[in-house]
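Chemist: This is the structure I want to talk about, given as structure tokens.
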Amino acid sequence: MTATTDFIPLALCVLTVSDTRTAANDSSGDYLAAALAEAGHRLHARTLLPDDRYRLRAIVAAWIADPAVDGVLITGGTGFTGRDSTPEAIAPLLDKDMPGFGEMFRALSYEEIGTSTLQSRAFAGLANATFVFCLPGSTSACRTAWEKLIRAQLDARTRPCNLASLRPRLRES
């Protein structure tokens, strides 16, 4: 599939996973909401939840069940501490993994933070024709993921191919 010449705005949700952040200091969620709007996309919904795999799974399941939602950006809960549970909560919902996302994210992060990138369990995939990106909680990591990977892939004008242009074919059987 080739890229189009027209921008296609997508409806995206942002979920911050944190036991310590509040709406007043959610810099990563703020960054993602502003970045997607600046790129021309629409913020469909935004939520902040504590690290609780069942609550995370419930909100993301509701979003991916909504045909109006094109993608979900999750920040936080991808580390190794006892409470980090984003991969365990979200991975069972995915129909297809996007292994290249996590690989590329960690390669890019290595340039910025060295071997500390080994602690990241960032990943992405497709669930019910909805793109799902799970990012670390730091604003810097969200910026790296958005600016160097996600933004271009959610832009139908990116050549030679992009995720946004695949949307009409994602439900094929």
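Read-outs throughout are calculated quantities, based only on the coordinates presented, and are distinct from any laboratory measurement. These numbers were taken from a predicted model, which means no experiment stands behind them.
Chemist: Run the numbers for Ser116 and Ala37: contour at 0.36 nm per residue of separation, minus the present Cα-Cα distance, in nm.
Modeler: On the way: separation 79, 0.36 × 79 = 28.44 nm, distance 3.01 nm.
Extra length available between Ser116 and Ala37 comes to 25.4 nm.
Chemist: How much length would be gained if the chain were fully extended between Thr5 and Ser173, taking 0.36 nm per residue of separation minus their Cα-Cα distance, in nm to one decimal? Don't skip to the answer; put the middle values down first.
Modeler: Numbers: separation 168, 0.36 × 168 = 60.48 nm, distance 2.71 nm.
Roughly 57.8 nm would be gained on extension.
Chemist: Report the far tail of the P(r) of region 1-112, meaning the percent of Cα-Cα pairs longer than 24 Å.
Modeler: On the way: 1809 of 6216 pairs.
Everything past 24 Å amounts to 29 percent.
Chemist: Can you list the residues, at least 5 places off or on another chain, whose amide H is less than 5 Å from the amide H of Gly137, using H built in the peptide plane?
Modeler: Under 5 Å from the amide H of Gly137 lie the amide H atoms of Gly76, Gly77, Thr78, each far enough along the sequence or on another chain.
Chemist: Right, here's the next one. Between region 119-147 and region 5-23, what is the separation of their alpha carbon centroids in Å?
Modeler: 10
Chemist: Hey, what did the chain get for relative contact order, percent, Cα under 8 Å, at least 6 apart?
Modeler: On the way: 320 pairs, mean separation 49.7, N = 173.
Here the relative contact order equals 29 percent.
Chemist: Bin width 10 Å, alpha-carbon pairs only: give the P(r) of region 55-173 as whole percents, running from 0 to the bin holding the largest distance.
Modeler: Final binned percentages: 13, 45, 33, 8, 0.
Chemist: For region 1-40, just the Cα atoms, rotate onto the principal axes and tell me the three extents in Å, largest first.
Modeler: Dimensions of region 1-40 along the principal axes of its Cα atoms: 43, 19, 12 Å.
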